[in-house]
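Report on the structure given below.
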Amino acid sequence: MTKKNIRKGALDIMFAEWLFFGLAGLSVLGAIGLILFRHPMNGAMSFVVTLISLAGLYALLSAKLLFAVQLIVYAGAIMSLIIFIIMFLNIQEHDLPDEEGKGLFLLGGAVVITPIALFLYKIVKSLPGSDTKIIGNGFGDVREVGLILFKNWLLPFEIVSILLLVALVGAVVLAGKKGVGK
Amino acid sequence: MFEHILSSMIFLPILAGLILLLAPVPKNGSRAIGFVVSVAVLILGLKLYAGFNGAGGMEFVEKCTWIKSLGIHYTLGVDGISLLVLMAGAVLFPTIFLLFSTKTKGYYGNLLIAEGAMTGAVCAGDLILFYIFWEVMLLPIFFMIGLYGGEGKISATLKITLYTIAGSLLMLAAIIFIGVSYHTQFGVWSFDIAKMAGLRLHGSMAVLAFAGFMLAFAIKIPLFPFHTWLPDAYTEAPSAATFVLSAIMAKIGVYAVIRFVVPVFGPEFTKYALILAYAGVIGMMYCGIAAIAQKDFKRMLAFSSASHMGIIALGIFCMNVQALTGTLFQIVAHATSTGALFLFAGILEERMNTRKIADLGGIAGKAPVFAMFFAIAMLASVGLPGTSGFIGEFLIILGAIKFNVIIGVLAGTSLIIGVCYMLWMFQRVFFEKVNERTEKFRDLTSVEVFAFLPIIILIVVMGIYPQPFIKKIEPAAKIQISSLLHNMQVADLNVLERGRNQEKK
Amino acid sequence: MEHTAQFYLGLIPLMPLIGAVVIGLMHVMTCRGDRLPNKLYAVLACVGPVVSCIMAFQVFAILRTLPVEHRILVHNAFTWFSVGELKISMGFMADPLSALMLLFVTFIGSLIHVYSIGYMADDKTFAKFFAYMNLFLGSMLILVLGDGPVVMFVGWEGVGLCSYLLISYYNEDQSNVLAGNKAFIVNRIGDLGFVLGMAFLFWGIGANNGFDYVSLRANAHLLPPAMTLVVCLLLFVGATGKSAQIPLYVWLPDAMAGPTPVSALIHAATMVTAGVYMVARFSFLYAHVPAAGEIVAWVGILTALLSAIYGMFQDDIKKVLAYSTVSQLGYMFAGVGVAAYSAGIFHVFTHAFFKALLFLGAGSVIYAMHHEQNIWKMGGLKKKLPITYLTMLVGALALSGCPPFSGFFSKDEILFSAYANGFKGIWMIGVLVAGMTAYYTFRMIFVVFWGEPKNKSAYDHAHEPPAVMTVPLIILAVGALLAGFLNFPALFGGHQLVSQWLAPSVLDHHPHAEAATEWMAMGASVAAFIIGISIAFVKFAKGVEMPVFSGFAKFAYHKFYVDELYDFLLVQPYKTIGAMIWEHFDPDVTDGPRKATAFLYGMAGSAFKVIQTGYVRMYAIYMVIGLSLISLLISQTLN
Amino acid sequence: MILNYLTLSIVLFCLGILGVISRRNVFTVFMSIELMLNAANLAFISFSRLHVSMDGHVLALMIIAVAAAEAALALAVVILLHKHKGVLDTNIFSLLKG
């Protein structure tokens, strides 16, 4: 490697760092928004922010396929489904549960969760550090992931497909019931 | 088939029972199947009895590895101790199928499973195998009381099930403790009871394990003060289940003490024998006295059965050949007499639609055959010479006197106590004037007479000529007692040595 | 010869037993349809006892041919059961003692069977009665012939059972059944003593040396004296139950509820004498401990006194005889108690004749009076029932001890032995009781047969029973008259055949007394008899109305309220305890731990119920809290 | 640093838990669960990067597939609930109460 190339690499790293912090901040903000907004539509919108920034983070981790899938399937398909349903149900202010004591629950929850977070952090911290340089060589490409998926993970893949089918049928049966509540 | 005669006796009824439960079989068909299967088991049993040479050791042994890593084997075998228990079950079961014709197929299916499991529990030579059969034995009873019982069936079912399970779980813990101790002592896993005689257990853990075993068996027998499930269960259960419980299951409790507790926990057993003997004899008196206050004849018989079980159990704790042989003999004798009594009670209940003693009267005049059979079974139950009941009771009292005079004298009172409530009941049910209810009582049908005849004949034959039976059980009893006495001597020597060592210090 | 006799020994008890089984089965099999004719049953019923009786005479004859010291025949039918040291064979033994018992048991038993054919002719369950009777006789024969205590116990319990069955024979009447229950239960109390005595004896000497009478007798000296005393007393408890002595005599008067031939069989020849027989059988033990014998003698003579007092105030003909039986049994125990075993057994022997005679005679009277048993409603019957009257008179004289009737000799021998062996108190009470016996016996005779008829219509219909009933009466009367001469005292130049005969079996203590003492004792007895009969004659010969009892008489009439006392002291507490156990102790105390456990579980359940809000979110919160706590814990350890 | 990614994953996961346990709105709860799934995905991909192995990617893909299935079902349930009770409150489900 040339010296210039090295400098450029360091700059890339620096840039990636900044990018990471930006995206991470956005995703956390989105998540906080999700759990704080009273109306689910607002929550959903801020959750979309989280999902998109997560897609960016995937890209930073050289997971190119996942980057695309996250954007298309998650932020795209699933979220639009959710938002569609929210709109479909035409949720008004009076439909929403009056969550008195929400703040108390949030505070208490935060207190309870802190040890879990610290514990997990402790574990993570003990892991060997590693750079997050974006690597090429097809790591995370469709082709490579696909090869692994269909070679090593064929059975789980098929099972997941069956799961999807079952979920489909289940959703049709559940939502398609006529005269429920009568 | 005849190499695996014991396995056939176990699994033939279990399989047939499962088929009855699962397959769509008509009611009468299932009764017929039940009868045929139980007769088949009886024939196998008779073949076994004929082939049994009674030298004192295990015969008809079947052994194959089951769970290798834990040294658990599928071991079956019969010796003098188990033979008669086994035969009592085999002989008595066909009777039930002949007698009760109005029940559903589940009833017959459960009975068959109970028969198989009991045979299994009696033959098992491996602790784990025994435990499994022991638990399986309870299931059909649970269903029979819960599904076909009387008014208070639910609470009775819960009581018996929880009580028994509480005991057997402690036993499971004790079995595991034994297995682990064996492993630490010999370096290999084994649950084979034949090998346990070499096991040396020490300390408070051994006492706890002993208590675990004894509790399980004391509940099943039942020994005072663990008898409280019995009156409810016996009363509420359908007659066949009561019959199975009293005639066979309780006896398996006694049998299990002899088979499993005595060889493994020799020192603990000898140490606590006196307390246990008191439990037995007090239970006999307590339940016998309680029986006089009963207004329900089934409940009275239940207390009577508990009372007899007290004295049967006492025979084990006396630790001499006479008492032990008496117990083993009485197991069969009591199975026939009390079993028959409960069956008679079932017939009475079915025909008269009542269990109250006060509602009955004058049946002897209406149904002489029934009365005669009942009287014979009753006399056997109170231990009249010439019936099967006397031999065992006499041997036990004799042994008890040798063991401890007070216990012997108390045990002797069973002669009086039994007769009091039995005669009282007999008077009110069979004698005195007939009333509107008993006016319609019809005597036993030919089928019923035919069903009872073997039992009645057995009662009389065992009373008049018991020696062939005793010949089969005595050698095994002697072996048990001699090993126990050996244990005691070893314990004494240990104490002596310890004393000497202390003196040296 | 000997072999035949041994063969007979097995058959003697078997014959009536087979009869019982055959008759019983026939009865049960035909009870639904047409009954078989009574005549068939009658023949079947009598075959067993009669054949046994003939064989008994054979055995007796064979025994006589043997030299005195070898007069023991043993027949082991089969090994009954054998466990460890205990080896019991179903063995039968004939020695002079059991042979003598055998003779009169089978003989009188047969006569009673014959008599019963007439007495029970109208009974609906004729066959059942004879099945029971045969069974009874069979059991009695096992009792007599048993070669060891255990076999004897079979018969012992067997007669107890049969007495229950026969006393509660008319089972539609509650009081009869209660009497049967009482007999069985009281007998069982005695049996407990027997069983315990047997057990002690077995562990004392039987375990090592064999448990039949021959071996026991040979080894009796090995038993320590204290132990011997215990065994003797326990066995005597058994005897008090069976032979109705204080304190277990209460069942016998009630046992009169059964048919009269039953009373004859139970009270005269067989069951009640079993206790005396047993004490004589175990004379080898009693001989070692005089204290035991003394207790036996005192209990016996006190029973005799007590029941004689009762007997003086009864108004039921059978009750009078019942108490006289108890009283005579008391004499017998006094006899065996003072170590005059042969005298006791001799009294058993003579008593069997005259008491069977009296009971059967009473049966005839009752039969003639259409089941009227109250003596005050009879009267003047001697014209209507001459045979019964004469035979009963013989019986009464024998019972009262009038010379030379059989009772005189046997009773006198007992009293003399008591006197000569130093039991002066017993002798005095005995003489007093002899007088009382004469009084109440002739009170009964005078009231029933003399005077004017009280119940005119019944009197008019009364007639002498058929020959099948009177012939046994006559035979027994001859026996009652002559049986005494078998043991004709040496004083009158007799040979005391019975005592000599029994000598090898029982360990008599022969008093050495002057002839003058003997004369004196005899004179006292005769004087008592004369006084007793005179008072009775003065009071009752003219015929009197039924007296109204008051004061002591009322007290005695109600048997000193002993039944009520027992009821209050034993039966009621027993029932109360039973009810208490069942209603309170069992559910509350014994079942307490179970209930407490259940209660604790219930409490715990309701405590934890609070957090089971049903909101999924809350469950998630619990989960997270748990997770959090675990995290904390693991974080600690990670450091 | 991969540590940062994992820390972010933890933070998001905890926020997801917080959402589930403190909110009563069905949609919010549901989306919080999705958030937790995403946090897990992020962790998977980070570890995948750490070990330079793509198995994590495959797992993440599957999680997305499962999330899609879950979304379909959960939304069906939500629709049913809304039809049935007319509210979106999780507290109306209290059938677990003994």
Calculated Rg and Dmax of the range B:357-417 using C-alpha coordinates, Å: 15.6, 47
Size of charge dipole - chain C - debye, nearest 20, with Cβ of Lys, Arg +1 and Asp, Glu -1, no other charges: 840 debye
Top positive-direction residue, dipole computed over the protein assembly as shown with Cβ charges, set C:441, D:37, C:177: D:37
Descending principal axes extents, chain A, alpha-carbon based, whole Å: 75, 43, 29
Positive-end residue of C:208, C:53, C:516, charge dipole of chain C with Cβ unit charges: C:53
Global form of the range B:295-342, assessed from the alpha-carbon gyration tensor, a/c cut-off 1.5: oblate
Extension reserve of the residue C:452-residue C:599 stretch, reckoned as 0.36 nm per residue once the Cα distance is removed: 45.0 nm
Relative packing of peptides A:43-53, C:355-365, C:545-555, C:587-597 - highest average C-beta neighbours within 10 Å first: C:355-365, A:43-53, C:587-597, C:545-555
Calculated from backbone phi, Karplus (6.51, -1.76, 1.60) coupling profile of the range B:452-462 in Hz, x at Gly/Pro: 7, 3, x, 5, 5, 4, 4, 4, 6, 5, 5
Cα-based convex hull volume of chain D per residue, rounded to whole Å³: 100 Å³
Simple spin-label estimate for residue A:135 and residue C:222 in nanometres, 7 Å along Cα-Cβ: 9.9 nm
Estimated inter-spin distance, residue C:636 and residue A:84, nm [label 7 Å along Cα→Cβ]: 5.2 nm
Pairs of Cα atoms farther than 24 Å apart, the range C:1-108, %: 39 percent
Rg/Rh ratio calculated on Cα atoms of the protein assembly as shown (Kirkwood radius): 1.18
Distance from the range C:333-392 to the range B:339-393 (C-alpha centre basis), Å: 38 Å
At R0 = 25 Å, FRET efficiency that the Cβ-Cβ distance of residue C:539 and residue C:567 yields, to 0.05: 0.15
Partner chain coverage, peptide A:30-38 - average Cβ within 10 angstrom: 6
Per-pair calculated FRET efficiency, R0 = 35 Å: residue B:356 and residue B:165 via Cβ, rounded to 0.05: 0.60
Relative contact order %, chain D, counting alpha carbon pairs below 8 Å whose residues are six or more apart: 28 percent
Linear extension gain, residue A:15 paired with residue A:148, 0.36 nm per residue minus alpha-carbon span: 44.8 nm
Note, ³J(HN,Hα) from phi for the range A:138-145, Karplus 6.51, -1.76, 1.60, rounded to Hz, x at Gly and Pro: x, 5, x, 7, 4, 4, 5, 4
Simple label model, 7 Å out from Cα along Cβ direction - residue C:460 to residue C:215, nm: 7.1 nm
Overall dimensions of the range C:163-271 by Cα: Rg and Dmax, Å: 17.0, 53
Net lengthening on full extension, residue C:316/residue C:509 (0.36 nm per residue, minus Cα-Cα): 65.5 nm
Chain D - charge dipole about Cα centre, Lys and Arg +1 at Cβ, Asp and Glu -1, debye rounded to 20: 340 debye
Helix-only [θ]222 nm of chain B, DSSP H runs n ≥ 4, -39500 (n - 2.57) each, per residue, nearest 500: -25000 deg cm²/dmol
10 Å Cβ neighbours from other chains, averaged over peptide B:398-405: 5
Alpha carbon Rg of chain C, scaled by the compact-globule rule 2.2 N^0.38 Å: 1.20
Electrostatic dipole magnitude of the protein assembly as shown [Cβ: Lys, Arg +1; Asp, Glu -1; Cα centre; debye, to 20]: 2520 debye
Rg [Å, one decimal], Dmax [Å, integer] - the range C:592-639, C-alpha atoms: 16.6, 50
When the range B:42-166 is reduced to its Cα atoms, the Kirkwood hydrodynamic radius in Å: 16.2 Å
Rg ratio (alpha-carbon, reference 2.2 N^0.38 Å) - the range B:5-504: 0.95
Positive-end residue, the range C:333-453 charge dipole about Cα centroid, Cβ charges, pick of C:380, C:425, C:333: C:380
Ranked packing of B:241-249, B:259-267, C:461-469, most packed first, by mean Cβ within 10 Å: B:241-249, B:259-267, C:461-469
Scaled radius of gyration (Cα, divided by 2.2 N^0.38 Å) that the range C:349-544 gives: 1.12
Nearest-ten-degree value, helix A:79-88 long axis tilted from longest Cα axis of chain A: 20 degrees
Restraint check, B:220/B:366; B:159/B:251; C:377/C:575; C:318/C:539; B:220/B:402, Cα-Cα greater than 30 Å: B:220/B:366; C:377/C:575
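Where a number appears in this text, it was derived from the coordinates with a stated rule and is not lab data. Keep in mind the model is a prediction, meaning the values are calculated, not measured. Backbone-built Cβ (ideal geometry, glycine too); neighbour counts: all protein chains shown.
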